[in-house]
Structure formats: structure tokens, C-alpha cells
């Protein structure tokens, strides 16, 4: 039988509000559409519903922009209060050009606008922030699925990040639980028996990217079940969070 | 019915040599394992078999390293002749630190070692180079599939690239035919009816990343059929090559 991975979108989750139980909504949606959640599956959940459930939505009317935020917003289309929130969510500015802000978030992610985003947020004056601890968000869903169904799944919280050198954004993993986000081919033999030296694959990012093919942006499908990637029970002994995907400064040639 | 995308690996392609017909090998493997190739499918093919079929393998014994290549190889594990080939495949050095060379290839890709790679190449003194024109390689396969089966597929040639800021590599599209490598959400409405301003998704990169979940590195599965992503006939009027994924210098804050 050929190797096959299936990406199945979960629809019908509807609007998510502060305090909602993300795991419960996902299990309900899966049951409703008769998609089983099984041992070794990977659940990819878009950041937006996690942030909403965790109350990480800020109304601009509640924000007083600083002088620097007002100054940085001049000549761009961005509301100075939106800029203010981006600055608050950043611990380092990486680049700031032509209205674009690339910064390092408090988690250590390098991305545009510190992940602060006005799309798919209700009301015309609200923005969504990244979860405070996306690895913990993922782990909470993993635990809830295990408690409800008795199965071990991996959980990825995904967001859409741009990257240097290439056009377009792709989805990446900002939170990971129940799996090693990296597949380490270092030391394994290639198909000629030679030992490969340097290939470490960020599989959690690839799973997040794959899920985006299903979630799209506007179709009301904020989560995906991935079947066939894991084999049996995940190796929880090697589980690490998405923090492992952040390159430490001393190894980073592009800070 | 839930939205579903399927990634089906093609096995049994075996060793590929210069002059081999990649499209023919893929169609044969698909027929052998009874995976239909249908209108709107996406074929993802790893760069290594394309390069081998196109004769883009160089034996180190045939290479005379330049003085600079010899000098740059001191203190690293890399054979100076291998370094020489990396330099020849580069049109610009982006960073060179601790034995790592990040350069811009003649195609315009920014990646490690100009894509020159010693893994999964037969013999212990050969390296594989990127195809000269990966978009043309993809288009040739697309045309051959159309001629053989009368169906329109999209074809992606994938390779494994690292990236700044994040650990681990992911697969990206270096050649694309039969589809627009970008999905442009700019101007579309989000689920609250607000117009999204800036989301362009590099879907060809996401398709390449998704395929890596199946091809892995050592399992003899160098191609993947993706079903359910396209809907019906691809919109060939919007087809562009992977060149569209290369950010032009004037828009690049990280050159």
C-alpha cells in the first residue's frame, strides 16, 4: 500500500470567543462530520481561534498610542494604536522599512508585526495577538483530547509568517505538543549507505504548511486532522515545543 | 463531505540516471501501485531525481579547486573540490561563516551551498547540482503527463532549503509548472466581510513542504501525487514558474 498522508479539514466550528474550549469545539466538529481522531494523528489549529479563546484580542479604542508608535505610523496605512500593540508585543525590532515592521516577539519568533493581525477578528477596531505561550496552548489541547478520547495526538498551533528572500508567506508551527518538531536525519544513512551529515527537517513547520492547503484563509476551516504521518503512538519522550524551532542567536547568521 | 487533501507517495522508481525520462518513470510507478494521475492533481518531484536525469552530477575527481575554494575549505569538513563547485554555482555570496556558505544561485535562490549536495548521490566522490532551469524541468514533466494521459496536472520540483531565524530545513518549490505558485488573498474578504490587505500565500512552497512528509529522505519515494488541492482543471492562464517565488532585491530587506 502506498505511503499516504491525509489532511482533513474540520468545518462547522463557528465563531470562537474568549473562554471557549478549543479542544471541545474541535472534538465536536470532528464528531459531527464523522472524522475520527485517532492515536498518532496530528491536529493543526490556526492561531486565530486559539488567541480568541484565550482572550488575546485587543480593542484599539482601549489603546493609547505612544509618541513613537504615532511617528512610525506616519505615511503607512496602519492605525497608530495598532502600531503601539505591535511594539508592545516585540522585544526587538529586526527591520523597519516602508511601513513594514519585522520584529522579534517575546516568544522569540521573528515575524512581521509581532504576529498582531486585524484579519478574521470581529469588529473593525480589534486586533488579535499571538497566544502568550503557544506551546502550552497546544499541550492543553493534547491533554484534553487524551482525557476525552484516550488517544495520544500531536497538536500544532499554526500561524502565517513571511520569510526573507522568498515572496509569499507560509504557515509555520508556533506551538507544538506531543511530538518532536524536528526530524533529525543526521547520522542516518542515505539510500547509498552514506551517512548524511546535516539534514534536520522542521517537520512541524511542514505539517503546519500542509494544513494551510486545507484551512485557506476564508473558508471557516480553522483546524485540520492529519492522518498517516505519525506511525502509531507518538514518541512522547522526544516531544519538544515550538521553541526548539527558534534558532538561538549564536547560531543565527541573519539577526 | 469534509475538505480533504491526500498526499500519496510514489515508490519503486529506483535509481535514476542521466538521460532517464522522469515523467515516464513517474507514470510507470503510479500505474504499478494503482495511483491514478488525474486532472488537477499536483505532482511534487524531488530535485535529486530531476538533477540526475538531467546529468547534473559532477565527479569531484574531475574538478580542480581554485585557490579561494581551497582556502575556504580549511577548517571545514568539506572537500575543496566540493567548495569549488558551490562557488561556480553561485552568483553572490550572502554569508560565509564557520564553514557554512549561504549564496545566491544563478537562478536567484538564496540557500546553503548553492543547492550542491552530496547525499543520495551514487559513489563517494560525486555531488548533485540543481537543475539549470527547474521551471523548465517541471514544465517538461507537465507536458509529458498531458501527452500520455490527456490530463492537466501541476508539477513542482522541490528541494530542501534552510531559512534564517528558524532551526531545521523545509522543502520548497524550486520549479513550478501548471499552476500559480502564489494564492493571493489580497482584496478578498475575511469571514467578517473585511477586506484583507496583505496575505499572499506561497502555496507551491506549502505543497512542496507537505510532500516532504511523505518522501522523507531515505525511503526511496522521490515523488508524491497530491489530490484534492486543485479543483478541476488548473487555471493555466495564471501559471507562473518558481521564479515568482524569488523576492526581487528591491523588495528584500534581508539581502
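Throughout, read-outs are computed from the coordinates displayed, never taken from laboratory work. Since this is a predicted model, take the numbers as computed values, not measurements. As a convention, Cβ positions derive from the backbone with ideal geometry for all residues, glycine included, and neighbour counts pool all protein chains shown.
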Everything considered on the Cα gyration tensor (a ≥ b ≥ c; rounded for a/c under 1.5, else prolate if a/b is larger than b/c, else oblate), chain A must be described as oblate
Taking the label point 7 Å from Cα along the Cα-Cβ vector, the copy-to-copy distances for residue B:68, listed from shortest in nm with one decimal, are 4.1
Taking chain A and counting helices only, DSSP H stretches of n ≥ 4 at -39,500 (n - 2.57) each over all residues, the nearest-500 ellipticity at 222 nm comes to -7500 deg cm²/dmol
Here the correct list, in nm and shortest first, of distances from residue A:216 to the same site in the other copies, label points 7 Å along Cα→Cβ, is 3.4
For the residue B:74, residue A:95 Cβ pair and Förster radius 41 Å, calculated FRET efficiency rounded to 0.05 is 0.75
One finds, for residue B:147 and residue B:252 with R0 = 45 angstrom and r their Cβ-Cβ distance, a FRET efficiency to the nearest 0.05 of 0.70
Longest principal axis of chain B (C-alpha) makes with the long axis of helix B:134-149 (C-alpha) an angle, in degrees to the nearest 10, of 40
If one compares the long axis through the Cα atoms of helix B:22-32 with the longest principal axis of the Cα atoms of chain B, the angle in degrees, nearest 10, works out at 50
Taking the square root of 5λ for each eigenvalue of the C-alpha gyration tensor of the protein assembly as shown, the equivalent ellipsoid has semi-axes, largest first and in whole angstrom, of 36, 28, 22
If one compares the long axis through the Cα atoms of helix B:203-215 with the longest principal axis of the Cα atoms of chain B, the angle in degrees, nearest 10, works out at 70
Taking max minus min of the Cα coordinates of the stretch A:1-148 on each principal axis, largest first, gives extents in Å of 58, 33, 23
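For peptide B:168-178, compute the average count of partner chain beta-carbon atoms within 10 Å of each residue's beta-carbon.
Mean partner shielding for this stretch: 4.
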When all Cα-Cα pair distances of the stretch B:57-128 are considered, the percent exceeding 18 Å is 33
Comparing A:92, A:78, A:61 in a Gaussian network model of chain A (Cα, 10 Å), the one with the largest mean-square fluctuation is A:61
Site residue B:61, offset 7 angstrom along Cα→Cβ, radius 16 Å on amide nitrogen, limited to the stretch B:120-135, gives B:122-127
From the Cα centre of the stretch A:26-66 to that of the stretch B:87-156, the distance in Å is 38
Classified through the alpha carbon gyration tensor (a ≥ b ≥ c as square roots of its eigenvalues; rounded if a/c is under 1.5, else prolate when a/b is larger than b/c, else oblate), the stretch A:38-95 comes out prolate
If N is the residue count of the stretch A:78-208, its Cα Rg over 2.2 N^0.38 Å rounds to 1.29
For peptide A:1-14, the mean count of other chain Cβ atoms within 10 Å per residue Cβ is 6
at residue A:92 the sorted inter-copy label distances (label 7 Å from Cα on Cβ side), in nanometres, are 2.4
